[in-house]
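Report on one structure; see the data block that follows.
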Amino acid sequence: MWGQFLSASKAHMINEDEALAGRATPVEPGSRHRVLGNPMQPPFPAGHQTLVLGMGCFWGAEQCFWSLPGVWTTAVGYAGGYTPNPLYEEVCSGRTGHTEAVLVVYDPESVSLETLLQVFWEAHDPTQGMAQGNDRGTQYRSALYLPDGELLGAAQASAQGFQQALTQAGKGSITTEIRQQVPFFYAEDYHQQYLDRNPNGYCGLAGTGVAYQKGQTAGA
């Protein structure tokens, strides 16, 4: 991904007072999902839940979720940092504090949070800190942002369970940032459903080969 060249030395989180100022006007992500046909921006259907996650390059991460039954829409953007409505180049500079993120809007009656978490844990390596594969920088860190405390607890429990499996397999410690949901800023239109627009586009996702065992997220 192009951003890896800008972020090669951006391996440490900035402080809020070091962040770029950003802008008041939101970035326009486009109107409808190219694959699902549903709007990418609220309002979303009643009863649907949201999950925001970071798995490295958001192009491939988004593709992992839009084909799942029960997922209503997805979008890529930036989350977990300080700069309001950042541009892609600003995030790649390491001066916004954001990670590349995917918004997943889903119907919990059709797909469980635990199924989404299974895809999350298995599709990338959550032990790499400020990197994912060859992509280096704070914008590639692993992250989970949940909308409320109950779902936050479920995500934390899933991390504990997956850590046990990783440890048994001789892998490292999970570095995923897990916290209650933070503002999600949409990325530019050309990033949305990027691998549908560009089927041969870059995707650096690679899991650890360790399976996630369901049953770790009570209530999810």
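Of all residues in region 112-125, those satisfying the criterion of being surrounded by fewer than 24 Cβ atoms within 10 Å (Cβ to Cβ) and either part of a helix (DSSP H, G or I) or of a type in the set (A, V, I, L, M, F, W, C) (or both) are 113, 114, 115, 118, 119, 122, 123. Beta carbons closer than 6 Å, at least 6 apart along the sequence or on distinct chains, never pair a first residue in region 158-170 that is closer than 12 Å to residue 213 by Cβ with a second that is surrounded by fewer than 16 Cβ atoms within 10 Å (Cβ to Cβ) and at pLDDT 95 or above. Summed over region 40-65, the residues that are within 18 Å of residue 108 (Cα to Cα) and of a type outside the set (A, V, I, L, M) give a count of 10. Suppose we filter 62, 100, 109, 89 for residues that are surrounded by 24 or more Cβ atoms within 10 Å (Cβ to Cβ), outside any strand (DSSP E or B) and charged (D, E, K, R); which single one remains? Result of the check over 62, 100, 109, 89: 62. Determine if region 103-115 includes at least one residue that is modelled with pLDDT of 95 or more, touching a strand residue (DSSP E or B) at 6+ places or on another chain (Cβ under 7 Å), of a type outside the set (Asp, Glu) and over 17 Å from residue 69 (Cβ atoms). Scanning region 103-115, I find at least one residue that is modelled with pLDDT of 95 or more, touching a strand residue (DSSP E or B) at 6+ places or on another chain (Cβ under 7 Å), of a type outside the set (Asp, Glu) and over 17 Å from residue 69 (Cβ atoms), so the answer is yes. Between 95, 32, the distinction of being basic (Lys, Arg) and touching a residue at least 60 places away in the same chain (Cβ under 8 Å) belongs to 95 only.
A quick yes/no check of all residues on (1) among the aromatic types (Phe, Trp, Tyr); (2) more than 10 Å from the chain's Cα centre (by Cα):
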site	(1), (2)
46	no, yes
52	no, no
56	no, no
61	no, no
66	yes, yes
72	yes, yes
78	yes, no
83	no, yes
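Just to verify a result, which residue in region 131-143, among those that are of a type in the set (S, T, N, Q) and out of contact with any Pro (no Cβ under 8 Å at 6 or more places or on another chain), is surrounded by the most Cβ atoms within 10 Å (Cβ to Cβ)?
At the first step, the residues of region 131-143 found to be of a type in the set (S, T, N, Q) are 132, 134, 138-139, 142.
Cutting the leftovers down to out of contact with any Pro (no Cβ under 8 Å at 6 or more places or on another chain) gives us 132, 134, 138-139.
Values: 132: 29, 134: 12, 138: 24, 139: 34.
Going through the qualifying residues, I end up with 139.
Tally the residues that are on the phi > 0 side of the Ramachandran plot and surrounded by fewer than 13 Cβ atoms within 10 Å (Cβ to Cβ), restricting the search to region 144-202. Working first, answer last.
Going residue by residue through region 144-202, those that are on the phi > 0 side of the Ramachandran plot are 170, 193.
Subset that is surrounded by fewer than 13 Cβ atoms within 10 Å (Cβ to Cβ): 170.
So the count comes out to 1.
Taking first residues from region 188-207 that are over 17 Å from residue 92 (Cβ atoms) and partners that are of a type in the set (Ser, Thr, Tyr) and part of a loop (DSSP other than H, G, I, E, B), the Cβ contacts under 9 Å between residues at least 6 apart in sequence or on separate chains come to 195/202.
Among (1) part of a helix (DSSP H, G or I); (2) crowded, with 17+ Cβ neighbours inside 10 Å; (3) more than 11 Å from the chain's Cα centre (by Cα), which single condition is residue 128 missing? Here residue 128 meets the rest and fails (1). When restricted to residues that are of a type in the set (D, E, K, R), under 21 Å from residue 60 (Cβ atoms) and under 19 Å from the mean Cα position of the chain (by Cα), region 163-220 contains 4.
Residue by residue, here is whether (1) out of contact with any helix residue (DSSP H, G or I) (no Cβ under 6 Å at 6 or more places or on another chain); (2) among the aliphatic types (A, V, I, L, M) holds:
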| position | (1), (2) |
| --- | --- |
| 61 | yes, yes |
| 66 | yes, no |
| 73 | yes, no |
| 76 | no, yes |
| 80 | yes, no |
| 90 | yes, no |
| 95 | yes, no |
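Out of 211, 206, 157, 123, one residue alone is of a type in the set (A, V, I, L, M) and more than 19 Å from residue 65 (Cα to Cα). It is 157.
The values are calculated or read from the model by the stated rules, or taken from the named source; none is laboratory data. Predicted, not measured: the structure shown is a model, and the values here were computed from it. Neighbour counts are summed over all protein chains in view; Cβ atoms, including those assigned to glycine, are modelled from backbone coordinates with ideal geometry.
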